[in-house]
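Engineer: The structure under discussion is supplied below as C-alpha cells; questions concerning it will follow.
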Amino acid sequence: QVQLVESGGGFVQPGGSLRLSCAASGIIFSISTMGWYRQAPGKERELVAHIGSSSVTNYADSVKGRFTISRDNAKNTVYLQMNSLKPEDTAVYYCNANVRVRMSGPNYNYWGQGTQVTVTS
C-alpha cells in the first residue's frame, strides 16, 4: 500500500557530499516520523537521523554536524544532506516512515529498498 523510493546514493571521495531523497507514495493519511538508517557490511542496522512531523530532529552522534535531515510534508519526502563524508559512512542507507493509511487506523512502519553510499578515495 505504501512504497518508499530512495535515490541519491553513489560513490564519493572523503570530504565530499551527497544528498539522499526518499519519497513515500500510495495510500497515506499522514506520516509521523521519517528517518534514515544505515547498515554497513557485517554490522547491524543503525539509526542515522529521524525527523518528526513538526520537524524535530535527532541524529546519531557519529553524524552530528555533518548530516542534515529535512522533510517536505507536501511531497511526503525526506532528505538527508551528507557533508564531510568519511569512509566509515560507507553503508546501505535505508529510508523509514511511520505511516497512518486511514484517519482512524494505526500507524505502520515502512522501509525503502536501500541505496548504497560508498566513500572511498
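The values are calculated or read from the model by the stated rules, or taken from the named source; none is laboratory data. Just so it is clear, the model here is predicted, and its values are computed rather than measured. Reconstructed Cβ throughout: ideal geometry from the backbone, glycine too, with neighbour counts over all protein chains shown. The protein model used for the area step is the full one, side chains on, heavy atoms only, and it has no ligands, DNA or RNA in it. Shrake-Rupley method; radii C 1.70, N 1.55, O 1.52, S 1.80 Å.
Engineer: Taking the residues in region 28-44 that are assigned to a loop (DSSP other than H, G, I, E, B) and within 24 Å of residue 3 (Cβ to Cβ) as candidates, determine which candidate is most open to solvent (accessible area, probe 1.4 Å).
Structural biologist: Looking at residues that are assigned to a loop (DSSP other than H, G, I, E, B) and within 24 Å of residue 3 (Cβ to Cβ), I get 29.
Engineer: Quick one: would you say residue 25 is loosely packed, with under 15 Cβ neighbours inside 10 Å, over 10 Å from the mean Cα position of the chain (by Cα) and either touching a residue at least 60 places away in the same chain (Cβ under 8 Å) or part of a strand (DSSP E or B) (or both)?
Structural biologist: It is true that residue 25 is loosely packed, with under 15 Cβ neighbours inside 10 Å, over 10 Å from the mean Cα position of the chain (by Cα) and either touching a residue at least 60 places away in the same chain (Cβ under 8 Å) or part of a strand (DSSP E or B) (or both).
Engineer: Taking interchain pairs and intrachain pairs at least six residues apart, which have beta carbon atoms under 6 angstrom, with the first residue in region 54-83 and surrounded by 14 or more Cβ atoms within 10 Å (Cβ to Cβ) and the second modelled with pLDDT of 95 or more and among the basic types (Lys, Arg)?
Structural biologist: So the pair list comes out as 78/71; 81/19; 83/66.
Engineer: Please find, among 101, 92, 119, the residue that is touching a Ser or Thr at 6+ places or on another chain (Cβ under 6 Å), open to solvent by less than 60 Å² (accessible area, probe 1.4 Å) and either farther than 18 Å from residue 40 by Cβ or touching a residue at least 12 places away in the same chain (Cβ under 8 Å) (or both).
Structural biologist: Only one candidate passes the filter, namely 119.
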